[in-house]
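The values are calculated or read from the model by the stated rules, or taken from the named source; none is laboratory data. Just so you know, these numbers come straight off a predicted model, no measurement behind them. With ideal geometry, Cβ positions are generated from the backbone for all residues, glycine too; neighbour counts draw on all protein chains shown.
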Amino acid sequence: MLTHPDAAASLRAIVADRDDDAEAAQRSDSGRPDPGEPTPSRCPGPGPRASGHAVTVTPGDSSLPLAAPGPTTASPAVTASPGDSRLPLAASRATTPSLAVAAGESSRLAVIAAPPGEPGLPTAVAAGPSVGSPAAAPPAPRKRLELRRAADLAGLPLAPADRARDAEAAASFNVKAPRRYLELIDWADERDPIRRQVIPSAEELVHDPREREDPIGDAAHSPVARLTHRYPDRVLLYPTYQCAVYCRHCFRKESLADDDAATYTIDALEPALAYIAEHPEIREVILTGGDPLILANERLEELRRRIEAIGHVRLLRLHTRIPVVLPERVNPGLVAALKGRLMVCVVTHFNHAREITEATVAAARTLREAGFMLLNQTVLLKGVNDDAEALRTLFRELVYALGIRPYYLHHCDSTRGLSHFRTTIDRGLELMTALRGHISGLCLPHYVLDLPGGDGKIPLGPSYVAARSGFEWTFKTYDARTRDYSEIVTGNPPRDR
């Protein structure tokens, strides 16, 4: 059982401790705060406590995180509605209509596993001694998890031997992960699927000579800076080469950076915007990078308006990890920045059901209610999700809990240093065979390989054709039986029996 760091905080009062991860994601690259976002109100220390009144938490309000200010004689009750994105431990799937915790009755909340079939959506339960009990100990000070640079690894609960072993890998590529994503890690498990995605590993230094710095050929199909035109009717546009999280499996990990050259400026995008305007066959512009949602709302709106001014563009697609690792970034200001003439599609990147929390469910709901199309891309990663049950759970929860359609299951690219993440294609086909028929077709992604050099995506199957002779076919069913099929077409007349 894991105890969430936020769960150890007392619920005796609410104080405004604006999270710097959320604030950083809403700043422009110059460091100015986004003017479209209100400054959260700050509750005076003795105010709510002295009144003794209940403090009601409004769902979706992310400005008032919980903290432990210490004992008080008149503690208010805190009522949290189901689905409240500020309370990742709130049990929106509990049988009771809401979760109310009186500050004088319980000092801790512990995370327990969700019901079968719904991992990643933890339930909050009371745990530990009562605050009023003589045996109650004061809450332990919260250790703040941060990962913004390699040096921050020293502050994480990693074994010293692990830090020493992986230090060179940490210095080789960018290192960053928001606090709330780090808090999902079971630090006692070295093979934790979330830890493996963001904590450097010495295995990354093992380079096969067949691996590539640019595995899918972005550069070979870039006629102008910050744009890739690989398919006829759509282009990739790179407004930034920065991310809120640097994934260890990223196929662009060698091009991402935190320096000034990687930041957003509209001037840097002018050649790409001109190219799009000059090519009427382009119907779709895909914002990638980097993560486009790391940009301030004013920047996103500026870019969206420039793209929608190009008459032949019909759809704006955004590939982003933000709803997974920093879901509080998804708010009405972001929605307003993206809404306009263009159809909007948001493609998320969930790799494991453990990444699905109440906050990510709330973020998906915000995007869905805005009318945006929601898809997800998952990378098949050895030791993370190369298991049929793990994938079934992930894809079901994406559809049933978040309303996000699984789009692609990517075979791990030929990026340098990813041999430890790469499965065989046969293993991927086995997993896809184990999925089909056992989960809804709505939950089933396309298993694809992005060919090295920029030749595009190849669907990998699996094939259910067991044999063929002319118009006569033999197919395998999803449960491994075989059935014959004869094509009923003019060229295949009925035979006399």
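Only one of GLY290, GLY217 is buried (at least 22 other Cβ atoms within 10 Å of the Cβ), small (Gly, Ala, Ser) and either under 20 Å from the mean Cα position of the chain (by Cα) or modelled with pLDDT under 95 (or both); which?
Details: GLY217 fails: buried (at least 22 other Cβ atoms within 10 Å of the Cβ).
Answer to the selection: GLY290.
For the stretch 281-337, the set of residues classified as under 19 Å from LEU256 (Cα atoms) and in a loop (DSSP other than H, G, I, E, B) consists of THR288, GLY289, GLY290, ASP291, LEU295, ALA296, THR320, ARG321, LEU326, listed by residue number.
In this structure, THR423 qualifies as hydroxyl-bearing (Ser, Thr, Tyr), under 22 Å from the mean Cα position of the chain (by Cα), under 30 Å from SER201 (Cβ atoms) and outside any strand (DSSP E or B).
Listed by first and then second residue, the pairs with beta-carbon distance under 6 Å, at least 6 apart or on different chains, first residue in the stretch 156-175 and surrounded by 16 or more Cβ atoms within 10 Å (Cβ to Cβ), second assigned to a helix (DSSP H, G or I) and of a type in the set (Gly, Ala, Ser), are ASP166/ALA202; ALA169/ALA202; ALA170/ALA150; VAL175/ALA150.
The single condition from (1) over 28 Å from ARG212 (Cβ atoms); (2) touching an Asp or Glu at 6+ places or on another chain (Cβ under 8 Å) that ASP413 fails is (1).
Out of the residues in the stretch 449-481 that are touching a His at 6+ places or on another chain (Cβ under 6 Å) and in a strand (DSSP E or B), state the one that is nearest to HIS221 (Cα to Cα). Taking the candidates together, the pick is LEU449.
Results for (1) assigned to a loop (DSSP other than H, G, I, E, B); (2) surrounded by 20 or more Cβ atoms within 10 Å (Cβ to Cβ), shown as yes or no for each residue.
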residue	(1), (2)
VAL224	yes, no
GLN242	yes, yes
CYS247	yes, yes
SER255	yes, no
TYR264	yes, yes
ALA268	no, no
TYR275	no, no
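Among the residues of the stretch 385-404, is there at least one that is buried (at least 18 other Cβ atoms within 10 Å of the Cβ), among the small types (Gly, Ala, Ser) and at pLDDT 95 or above? The answer is yes, given that some residue of the stretch 385-404 is buried (at least 18 other Cβ atoms within 10 Å of the Cβ), among the small types (Gly, Ala, Ser) and at pLDDT 95 or above.
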